[in-house]
Ligand code: UDP
């Protein structure tokens, strides 16, 4: 389905992982995005970002706002699918299939600690490297040189949205890998740098509230949600 011009695949977490596996098996390079209402609002006024999101091979709904919108409009989005959960599932998939993972982004040392945690959880997982780097285009060549020296099947890019999606769109054509995915703050969570909401809060669809209380400065980002609802209602009334 399209929300404000942005493609969202109406799939579950398990289906997303199956699609990812199929992409890896198919050969060629693919990328996955995880839009939330904030990024959809931004893509609505930034055609270049919209194009990047819509060209993705898979676009999973990362936000309760999207799930609720699906319910209200009778176009069901089964569940929220986050970057951090997908990265965890991809690590399991990589362990089973013998794929090599590289973790790019996050603060100094964070990706390395996340790699250790993932390897503890999934013995046999091959993380071929980690690199903090910088999403500024002037560092692209330098980062690519590091990536080109490794064997990589799955690349997790943790520069936050939309920097990570733009990074992937600029650099994927030069890289020899199977799947790239923007994972936002996933490496912070996996490394233990930041805490996720307790599972019961996640299940209640209230992880956003937990994040807001932990990091009040995110309030300006979360204000995108009411604006998102307003834009969707406006679009629907125009269509009618
Ligand atoms: N980040 C980075 N370089 C930058 C900007 C951000 O490595 O120039 C990392 C940051 O350390 C964090 C992630 O990108 O690990 C962004 O996390 P956030 O939760 O803000 O992303 P979201 O999930 O909201 O897209």
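None of the figures in this text is laboratory data; all of them are computed from the coordinates on show. Because the structure is a prediction, the values reported are computed rather than measured. For neighbour counting, all protein chains shown are included, and Cβ atoms are generated from backbone atoms with ideal geometry for every residue, glycine included.
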- residue 238-residue 202 pseudo-label distance in nm [points 7 Å out on the Cα-to-Cβ vector]: 3.7
- Rg [Å, one decimal], Dmax [Å, integer] - the chain, C-alpha atoms: 17.4, 55
- Note on the structure: Given 37 °C, 0.692 mPa s and a Kirkwood radius over Cα pairs, the Stokes-Einstein diffusion coefficient of segment 35-78 in µm²/s is 298
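What is the ratio of the Cα radius of gyration of segment 149-219 to 2.2 N^0.38 Å, with N the residue count, to two decimals? Present the calculation step by step, with values, prior to reporting the outcome.
Working: Rg = 15.2 Å, N = 71, 2.2 N^0.38 = 11.1 Å.
Taking N as the residue count of segment 149-219, the ratio is 1.37.
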- Query: Over the Cα atoms of segment 65-195, how large are the radius of gyration and the largest Cα-Cα distance (Dmax), in Å?
  - Reply: 15.3, 48
- Message: With equal scatterers on the alpha carbons only and no solvent term, can you work out the Debye log10 of I(q)/I(0) for segment 1-131 at 0.11 1/Å?
- Response: -0.44
- Item | Three semi-axes of the equivalent ellipsoid, segment 121-240, Cα gyration tensor, whole Å, largest first | 32, 22, 14
- Query: Based on the Cα coordinates of segment 148-190, what is the per residue volume of their convex hull in Å³?
  - Reply: 71
- Computed label-point distance, nm, for sites residue 213 and residue 68 using a 7 Å Cα→Cβ extension: 1.7
- Provide, in order from the shortest bin, the percent of all Cα-Cα pairs of segment 49-103 in each 5 Å bin, continuing until the bin that contains the maximum pair distance. 4, 17, 16, 19, 21, 12, 7, 3, 0
- Message: Which log10 I(q)/I(0) values does segment 1-56 give at q = 0.12 Å⁻¹ under the Debye formula, counting every alpha carbon as one identical point scatterer?
- Response: -0.31
- Percent antiparallel among DSSP beta bridges confined to the chain, rounded to 5, stands at 10
